[in-house]
Amino acid sequence: MGDDLAAAVRPIHLLHDSRVLARMLGIERPCCEMVAMPAHGPSKPFLAAVDANPCSDGFLLDLDAPSPRFLVYSGSMQEDLFADEPRNWMPQGQARFQTFLDETTDALKTQGRTMCLRPHWRHALGDLPSCVKFVRERITGDPTSPFELCLSPVEMLAPSMLQPQQKLEEHLQRMFTHLGGVASCVLLADFEQPKADGVEENLKLLPLGAGCLRRECILPCIEAYVPKTTPILLLPGRPIEHQLEWLSPRP
């Protein structure tokens, strides 16, 4: 695999904090947490990111969101979306997730909305097999499906998957091999090195270049497995030109 990703030839979108935008526009309550806007070209929102828990009873989507595409986590049996909850991977959690998909399919189609599911290692879509199953059953198996998958590789990593370096690279390559070609977008984030205390906590996400993710791990995977038409999502908090530089090939 070659390290020849040219960021400029890929559609790049930066996630913006909707609360900041809402304050600037005088809106009391934003209808989503973040909005993905293109780094270049017309300012048309690519998606609206929602942090609510789809496996909870009170889950709702605000149809006033600036994009018909919603980026949503697959959810947890716990009210706390990121709490340690083993049931999410067990039959009970998987059944609840499938019920949620069944209950929302017709409404999404009727409203002309798309739901892009964002995996996380503690959620219903928490590992590679569950994501592959979701794509097969809910996307490729239905030409009119309102569902998509966002490949968010760092969020699929538990702290125990980071070491040794070879093991981390193997995990990332498997993710990109199986999901890079079918994901509707790729969320690229860096991460903060977790404390070496043996506790499996969620990784703290950072903008590209602000953490310890090695370019040599990610760039070859993107170049080999992600079509150049697939949008890349970047986190706020670091100038976008620095993140684009991280994504660009070096002599």
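No value in this document is a laboratory result; all are computed from the given coordinates. All figures in this text were calculated on a predicted structure; none of them were measured in a lab. Glycine also receives a Cβ, built like all others from the backbone with ideal geometry; neighbour counts cover every protein chain displayed.
Here, segment 80-185 is characterised by an Rg to Rh ratio of 0.99, where Rg is the alpha-carbon radius of gyration and Rh the Kirkwood radius. The fraction of Cα-Cα pairs per 5 angstrom bin, counted from 0 for the chain, comes to 1, 6, 13, 18, 20, 18, 13, 8, 3, 0, 0 percent, rounded to whole percents. Shape summary of segment 201-251, radius of gyration then Dmax from alpha carbon positions: 11.7, 37 Å. Descending by average beta-carbon neighbour count within 10 Å, the peptides 53-62, 121-130 line up as 121-130, 53-62, the highest first. Among residues other than residue 121 with Cβ under 13 Å from its Cβ, the summed charge is -4 (Lys and Arg +1, Asp and Glu -1). Taken along the Cα-to-beta-carbon direction at a fixed 7 Å, the label points for residue 90 and residue 169 span 3.8 nm.
Legend: ranking of residues 133, 44 from fewest to most surrounding C-beta atoms inside 10 Å; resulting order 44, 133. Taking every C-alpha pair closer than 8 Å and separated by at least 6 residues, the mean separation divided by the residue count of the chain gives a relative contact order of 22 percent. Over segment 117-195, Cα pairs under 8 Å with separation of 6+ residues give a relative contact order of 35 percent.
How many lysine pairs does the chain hold where the Cα atoms are under 21 Å apart and the two sit 8 or more places apart or on different chains? Total qualifying Lys-Lys pairs in the chain comes to 4.
Take the Cα of residue 161, step 7 Å toward its Cβ, do the same at residue 248, and the gap between the two points is 3.1 nm.
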